[in-house]
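Report on the structure given below.
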Amino acid sequence: MRVAIVKYNAGNIYSVVNALHRMGIEPLLTDEAEELLKADKVLFPGQGEARSAMQYLRERRLDEVIRSLTQPVLGICVGQQLLCRHSEEGDTPCIGIFDAEVKRFRPQHHEDKVPAMGWNALYNLKSPLYAGFDEQQAPYVYFVHSYYVPVCSDTIATTDYILPYSASLQKGNFYACQFHPEKSGDVGARILKNFLDL
């Protein structure tokens, strides 16, 4: 199986590479349109800032390439946010797969810390991405982020921090998760395997 990872100026890509290595997969890290188009699966991970990430993607026309992909695509963390229509971070127009506005967390109480950082439960699971998970024992995954996607028609998993929001999205062949499956132990490994098995 050919697995490609979109290479752009967003941090933390190598933790995804290492997670795939643990599964016996040698991914291709690339910003070449042709390589992305011929991959069986595409991962679009990242940590960083929306405006500079989108500027990099647009300069290389990678935003257009990503929109044109027909194989399963998985956005992770900032990757999920960039697949939305717009982000409040830097007032940034994004790729627009999901018709959603990425918003900044606004603390409601003294104990609300931003960025949200740590383990949280997933519920309202609705996709083959979460095959094999029992909602009675909600899976826990690892999050680090200051911006979130509100619950919308494309939400396939929800979590709670300050308010309920989209932990995961799906529209057609595009899947996304706000959390880091590559840092979420056995649960994250199962989610990555489910994606690769799609």
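Summary table
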| quantity | calculated |
| --- | --- |
| Mean separation of Cα contacts under 8 Å (6+ apart) over length of the chain, as relative contact order % | 18 |
| At 1.567 mPa s and 4 °C, Stokes D of region 2-130 from Kirkwood alpha-carbon radius, µm² per second | 82 |
| Phi to ³J(HN,Hα) by Karplus 6.51 cos²θ - 1.76 cosθ + 1.60 over region 90-105, Hz, x for Gly, Pro | x, 6, 9, x, 10, 6, x, 5, 9, 7, 9, 9, 7, 10, 7, 4 |
| 14 Å beta-carbon shell around residue 137, net charge (K/R +1, D/E -1) | -2 |
| Unit charges on C-beta of K, R, D, E only; dipole of the chain, Debye | 120 |
| Accessible area (Å², per residue) of the chain, counting only protein heavy atoms and a probe of 1.4 Å | 45 |
| Within the chain, helix-based [θ] at 222 nm, where runs of 4 or more DSSP H residues each add -39,500 (n - 2.57), nearest 500 | -7000 deg cm²/dmol |
| Region 102-163: proportion of alpha-carbon pairs further apart than 14 angstrom, % | 60 |
| With all protein chains modelled, accessible area of residue 86 [1.4 Å, Å²] | 40 |
| Computed E for residue 152/residue 91 - FRET, C-beta separation, R0 35 angstrom, nearest 0.05 | 0.95 |
| For region 44-198, convex hull volume per residue from C-alpha positions, Å³ | 102 |
| Neighbour net charge for residue 86 - beta-carbon separation under 12 angstrom, K R +1, D E -1 | -2 |
| Prolate/oblate/rounded call for region 149-195, Cα gyration tensor, a/c under 1.5 rounded | oblate |
| Leading residue at positive end of dipole, the chain (Cβ point charges), from 148, 97, 29 | 29 |
| Ranked by how many other beta carbons lie within 10 Å on average, peptides 69-76, 119-126 from highest | 69-76, 119-126 |
| Area projected by the alpha carbon convex hull of region 49-120, averaged over all directions, nm² | 5.9 |
| Extension reserve of the residue 30-residue 197 stretch, reckoned as 0.36 nm per residue once the Cα distance is removed | 58.0 nm |
| Total formal charge among the other residues, if their Cβ is under 13 angstrom from that of residue 190, Lys/Arg +1 and Asp/Glu -1 | -2 |
| Computed magnitude of the charge dipole of region 1-72 (debye, nearest 20; Cβ of K, R +1, Cβ of D, E -1) | 140 |
| Histogram of C-alpha separations across region 1-49, 5 Å bin width, % | 5, 24, 32, 24, 13, 2, 0 |
| Length gained when the stretch residue 18-residue 58 is fully extended (0.36 nm per residue, less Cα-Cα span) | 11.7 nm |
| Sequence of 14, 165, 147 when ordered by accessible area, the most exposed leading, probe 1.4 angstrom | 14, 147, 165 |
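The values are calculated or read from the model by the stated rules, or taken from the named source; none is laboratory data. This one's a predicted model, so the numbers in the text were calculated from it and none came from an experiment. Don't worry about glycine lacking a Cβ; one is built from the backbone with ideal geometry, like all the others, and counts go over all protein chains shown. Remember, those area values only see protein heavy atoms, side chains included, never the ligands or the DNA or RNA. Shrake-Rupley method; radii C 1.70, N 1.55, O 1.52, S 1.80 Å.
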